[in-house]
Structures are given as C-alpha cells and as structure tokens.
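Just below is one structure, and these are the notes that go with it.
The values are calculated or read from the model by the stated rules, or taken from the named source; none is laboratory data. The structure displayed is predicted, hence computed values, not measured ones. We place every Cβ from the backbone using ideal geometry, glycine too, and count neighbours over all the protein chains shown. For accessibility, only protein heavy atoms count, side chains too; no ligands or nucleic acids. Shrake-Rupley method; radii C 1.70, N 1.55, O 1.52, S 1.80 Å.
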Amino acid sequence: MKLFPDRQEPSAPRTLIHFSLVLVLFFSATAVTHLFLQNEHIYSICKSFVKTYEMIKNDDGSWYADRTEKPFMRIENNNLLSWDAEHYDNIRQHLYDSRHSWVGEYAFFPLFSLLWKGLHVGPAGICLVNLLLFIVGAAIMVSLFRKQIPRWMYLLVLCMPFLVIYAIPYSEALFFLTTAIGLFGLAKGKYSMYFVGFSLASMTRAAGNILLVAWLITDILAALAAHKGWKTFLRDTALHLAPVVTGGALVMLFQHLRGAEHWFEYIIAQKEWNKELSLPTWPLTDWSNEGESVTKPLLFILFIPALAWLALSLFRSAQAPKNGNDFDSRQQLRLLSVLFFVGNIVLALFTQKGCMYSQARLLTCTPFFLFLILDMASHEHHRLWDYTLAAFIVLSLVLCRHMQFHTYTLGLPITLGLILLVFFHRRMPDWLTKTLLAVTCLLNIFWTAYLFNCFMNGGWIFT
C-alpha cells in the first residue's frame, strides 16, 4: 500500500522538474538559515548550540581550529578555498606545475579542476555550478525509480547527511553527475552512455580501484547465477571495466605530461596524506566530530549486514539452477552499489590505521548511496533483516556513546532518521513517517548551513 498515494501518475519531465525544484528549495532554505545566523542578535539566541570554528595561527606557521561563539561568516570568494578546495583551485591555475604545486596534489584527479578552469568562474561561481550538477545527477537517479516508488520517497534525498559537499568547490558534484549518467546508461542498456559516464567519473575521483574490484565481483556472481561460460564472463567484465581503465589511463597520461615522475604518481601521492597499507586499530577514530557522527552509525549499522548480504548473494549464485537466470539491471546496480559502499570502508580500514577521516562524504556523497536508499526503501524486507538492523542500531548507539550530542553532531540523529525511514517506514504508522521525514529534513537544513560555515572557517570536518 502506498504512503501518501499519488492521485495521478505524473509525466517523467514533470516529476523531475518538481524534484529539482524541491532540491532548489532545500538549498535556498539552507542559504537563508546561514544568512540569519550571520546576524549577531539572532546568533546570540542560539550560540550555545551553534558554536563555530576559528583558525588560531601559531608562531611557527602552523594552525589549529578552535571552537568559539561568533556569528556565521559572510559568503565571500576568499572564504571558499578551504581544505581540499585550495588544492583543486591550485590545480585549476597551474595544472600540476611543480613550481607551484605540491606532490600530494597528484592524489586529486584533474577533470573537476579542468571544468572549473574552462568555465572562468570564481569559487562562488563553481559552488553554484556544483549545485546544478548535483541537482541534474540526482534527478537522473530518481528517474530510475519514477514508477516504482511513491513521491514522498524522493524526499529521502533531503535526508542525506552530507549534502553540503555539493555546495563547495569539491569534485563530488561532478563525480555524482558523471556516475549517474553511467548508471542510467547501464540500467537502460545504453553502453555508450555508460562508457562516457564512467570514463568521466574515473577522471574526476580516484575511485577506480574500488570500481574495478566491485565490477569483477559483480560479474563473477552474475556468471555463477546464469552459468555463463568463461568467454562470456571475460567479455562482460572487459566491457564493464573498459571505461574505468580508460579514465584512469587518461588521468595518468595527463599527470605524466604535466611533470609527474611516475605513471602511477596518484597512488604514490597517497603517502603524503598518511595513507598506506596497514592493519586497522581499535577503537576507530576520526579527526572530525561532525564526520564521526555520520561515519560510525553507517559503519556500525550497515557494514556487517552488507557483508552478510554479499555472502548470501554468493551462496545463491553458486546454488542457482542449471538453467540459471541473468541478473537484471536492478540486481546488477544493487550489487555494484553495495560493493562500492563496502569497498570504501575496507580500503579505509586497511590504509588509514583505524582513522576513518573523509568517510562521511566518501560513503554518502555518491549515486551508489542514493541508489541504495531508494532501492531499499522501495521493496519489502524480510522481518529477519529488520530485526537484525534494529539490533545493529542499538549497537551503534552503544558504541557511539562517547559522542557529544550537541548541534555539531546533528549528523547522528539525521543519519539514524534516514536509516529508520528507509528500512522501517512500513512498520510505522503514516503520521509517524511524515513526522520523522519532516523533522529529519528540517534538521538537515540547519546541519547543512552549519557545515557550510564550518568549511569556510576551517573546521575539522572535510578532511
């Protein structure tokens, strides 16, 4: 039975226009919230709940971010080149020129900086461009579910806890759009669209290593389920990996032409960011309270169930009847998305020495995560899975007990609200679903405005 049922099935363009307007409204409300909190009198009313950051510089040139009680900063170009945005801007201006660049910047792929350079806009301009890229990409992803989910589920996008990443000069918005184009092409059987989308995505972010493994495992399970021969398996795998390899090769060629000493300089550059093969340590840590409040619930609630689901998929594929069945596009995208989610966590565990920095955005700010949200929300789950997830939610709260439940960790209730809406909306009365959805969206507007301000004043949130 549909929640908030539609009176009439709208046309595809009308649905996507309405959805895009909702996203515009969300980010407009975020901007207004940020504007209000720039006012000293308004800020003073809630300053005990909305502490901001301030950069404190030491005599030796180092600095640290300290919490203070100052109104939100005005949005200006010179405030928008914080954290990785500074590196993307430097690549835009100098294209890895060794006279102006640091070797660690080879870890950043060039397509976003090249787009920024070609558009001839400043930091504020590229922020608006990023919002547009994300809105188009999100509309593409939602279109895959247009006839399968009630319209209220589109609002789950507004509950994603790190939407701020699409409003700053980072590459996630471009990665989102290009990957969404590739996934749409895959779902619709349009290989040329898939090839172009994933080639561009592989030139935007260093996600190729995860995608290569994810596709390999997906094709192995598909081959087992359908009892395909090894020639068919190799052909399918080659077609799926071709754009990822092409994009990665073009990045290596570009960086090499721009002065990189090694062909795989982007991998060597990871050492400059303290990433190298290592065993994870416990307890898991994070440089950022804000990032931790999102990463740890996702990790503690979804990681082990995701591994169990993958193991079950492997078992079912191996036990498939002799006539077998091909994976349909939805099964394929579901498996690929889960593997991308799990792959990011595994890579972080074995390269970051138990520190999960950056995972809040790397896990949530992708079309794969949005696909999983809409896919899992749109079909009935076995009660055993619901009970299992409920147990892991309780476990997550226990393991996260050391977190401080202040405004700057609103990521925790927002993430939990999203998970409850995705998995348990069928177990809740209609009024409770509406209320939880509204509260989560409103909290996310406030949270997004807060994170944007933290970005501008150097808070430890986007590392």
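Backbone amide hydrogens, once placed in the peptide plane, bring THR285 within less than 5 Å of CYS355, MET356, excluding anything fewer than 5 places away on its chain. With N counted as the residues of the chain, its alpha-carbon radius of gyration over 2.2 N^0.38 Å works out to 0.97.
Over segment 142-289, the alpha carbon radius of gyration divided by the compact-protein estimate 2.2 N^0.38 Å works out to 1.26. With 26 Å as the limit on Cα-Cα distance, the pairs of LYS117/LYS353; LYS188/LYS231; LYS147/LYS434; LYS190/LYS434 that go past it are LYS117/LYS353; LYS190/LYS434. About its Cα centre, the dipole of the chain is roughly 1420 debye, where the only charges are +1 on Lys and Arg Cβ and -1 on Asp and Glu Cβ.
Listed by chain and number, the aspartates and glutamates placed with their C-alpha closer than 12 angstrom to that of LYS51 are ASP66, GLU69; residues fewer than eight positions away on the same chain are left out. Phi angles across segment 381-389 convert, under the Karplus curve 6.51 cos²θ - 1.76 cosθ + 1.60 with θ = phi - 60°, into 3J(HN,Hα) values of 10, 5, 4, 4, 5, 4, 5, 5, 5 Hz, Gly and Pro given as x. If a paramagnetic tag sat 7 Å from the Cα of LEU119 along the Cα-Cβ line, which residues of segment 15-38 would have the backbone N under 17 Å from that point? Residues 24, 27-28 fall inside that zone. Using the alpha carbons alone, the radius of gyration of segment 74-129 stands to its Kirkwood radius in an Rg to Rh ratio of 0.96.
Taking 0.36 nm per residue of sequence separation and removing the Cα-Cα distance, the VAL213/VAL24 pair yields an extension gain of 64.5 nm. Shown in residue order for segment 172-189 are the 3J(HN,Hα) couplings computed by the Karplus curve 6.51 cos²θ - 1.76 cosθ + 1.60 at θ = phi - 60°: 4, 5, 5, 4, 4, 5, 5, 5, 4, 4, x, 5, 5, x, 5, 5, 9, x Hz (x for Gly and Pro). Of ASP430, ASP375, the residue with the largest accessible area leads and the full order is ASP430, ASP375 (1.4 Å probe). The alpha-carbon of LYS47 sits under 16 angstrom from the alpha-carbons of these lysines, leaving out residues fewer than 8 places away in its chain: LYS70. The mean sequence separation of alpha-carbon pairs under 8 Å and at least six residues apart, normalised by the residue count of the chain, gives a relative contact order of 23 percent. The distance from the alpha carbon centre of segment 212-232 to that of segment 292-313 is 23 Å, rounded to a whole number.
Shown is the FRET efficiency for LYS147 and HIS227, computed with R0 = 25 Å from the Cβ-Cβ distance and rounded to the nearest 0.05: 0.20.
The mean sequence separation of alpha-carbon pairs under 8 Å and at least six residues apart, normalised by the residue count of segment 223-345, gives a relative contact order of 48 percent.
Extension gain for the segment VAL439 to LYS353, taken as residue separation times 0.36 nm less the Cα-Cα distance, is 27.4 nm to one decimal. The aspartates and glutamates within cross-link reach of LYS296, meaning a Cα-to-Cα straight distance under 13 Å and a gap of 8 or more places when in the same chain, are ASP286. Using the Cβ-Cβ distance between ALA65 and ILE220 with R0 set to 45 Å, the FRET efficiency from 1/(1 + (r/R0)^6) comes to roughly 0.50.
The 1.4 Å probe gives accessible areas that order ILE56, ILE220, ILE135, ILE75, largest first, as ILE75, ILE220, ILE56, ILE135.
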